[in-house]
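Here is the structure we will look at.
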């Protein structure tokens with residue numbers, strides 16, 4: 001149902017139709033009762049037109065059908081597929097986002113993770129014709145969004161990213177790179193780019209070896225280092241009572257620091273670039289353009305996509321026609337001119 005309507009929840013108001021029908025019927029019955037109390041049937045016919053149940057039923061049906069069609073029109077129906085040709089550039093961009101607990105550190109406001117998600121949203125504005133995907137990683141990588149042109153879906157999934165998006169704790173950058181290479185099948189007619197946003201901590205996942213595998217496939221890697229590289233920052237967590245505590249190891253509070261050396265090696269191995277964002281503001285979209293401007297993005301590919309068309313105007317037009325017909329159709333039968341003249345000639 002949702003794929004055929006932009007606003008399907010408006011269809012819930014269709015239950016009002018029988019309620020309106022009941023109110024119209026009761027109003028008609030009250031008019032008949034009131035007329036019978038005023039005068040008997042023969043006298044009432046001379047004083048005023050007699051209400052017709054068949055005419056009221058027809059007028060009421062026109063009104064109810066018109067209301068139902070207007071509700072459907074507001075729900076914005078889509079049907080009737082139209083084939084569109086879209087020109088898309090041959091670039092695949094897979095974003096690898098670190099969601100380990102260290103990304104909860106607040107040396108970057110409001111936190112490293114939330115700052116990274118905001119920067120990815122900025123990047124999407126530069127990828128209008130490129131496919132983009134999303135992998136969340138900590139102790140294990142998970143594909144949150146496969147390569148897609150659907151940025152609306154991408155934004156929704158990005159909003160829900162949290163440290164719970166990865167099945168295990170830790171930080172395995174090498175595994176995340178290998179997972180991205182597995183998802184992005186080698187394709188000679190498409191450029192492929194990995195963008196890794198992390199604080200650089202890694203727990204023996206052999207990231208340098210994974211970077212060499214990416215270089216062999218001509219996959220460039222942009223690494224973005226986020227966080228304080230000198231003093232670092234504590235990692236906040238909530239205890240069972242909801243109070244803020246800090247992650248500890250062997251009774252000592254852990255201070256998470258940015259590891260720039262690893263991120264720089266990964267980027268240089270693939271001919272990409274290392275961006276020392278640290279705790280400063282930066283524009284990830286602009287960085288992407290500056291460092292990957294040499295990609296063969298002038299080559300266009302034409303794709304055909306079926307898209308359902310909006311059809312609300314037809315429902316609205318028919319509803320308007322029914323309302324006009326109702327206003328034209330009288331509640332009481334018109335008296336013929338012969339009857340009018342005969343009544344005037346009576347003494």
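We did not get these values from a lab; they are worked out from the coordinates using the rules stated. A quick note: this is a predicted structure, and the numbers were derived from the prediction, not measured. Note that we place each Cβ from the backbone using ideal geometry, even for glycine, and neighbour counts take in every protein chain shown.
Numbers below:
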quantity: Packing-based exposure ordering (other Cβ within 10 Å, fewest first) of 274, 4, 282; calculated: 4, 282, 274
quantity: Kirkwood hydrodynamic radius (C-alpha pairs) into Stokes-Einstein, region 116-181, 4 °C and 1.567 mPa s, D in µm²/s; calculated: 105 µm²/s
quantity: Shape of region 85-302, Cα gyration tensor, a/c cut at 1.5; calculated: prolate
quantity: At R0 = 56 Å, FRET efficiency that the Cβ-Cβ distance of residue 25 and residue 186 yields, to 0.05; calculated: 0.20
quantity: Ascending count of other beta-carbon atoms within 10 Å, so fewest first, for 149, 28, 310; calculated: 310, 149, 28
quantity: Hypothetical label at residue 168: residues of region 102-125 whose amide nitrogen lies under 19 Å (7 Å Cα-Cβ projection); calculated: 102-103
quantity: Residue order, fewest to most beta carbons within 10 Å, for 328, 314, 255; calculated: 328, 314, 255
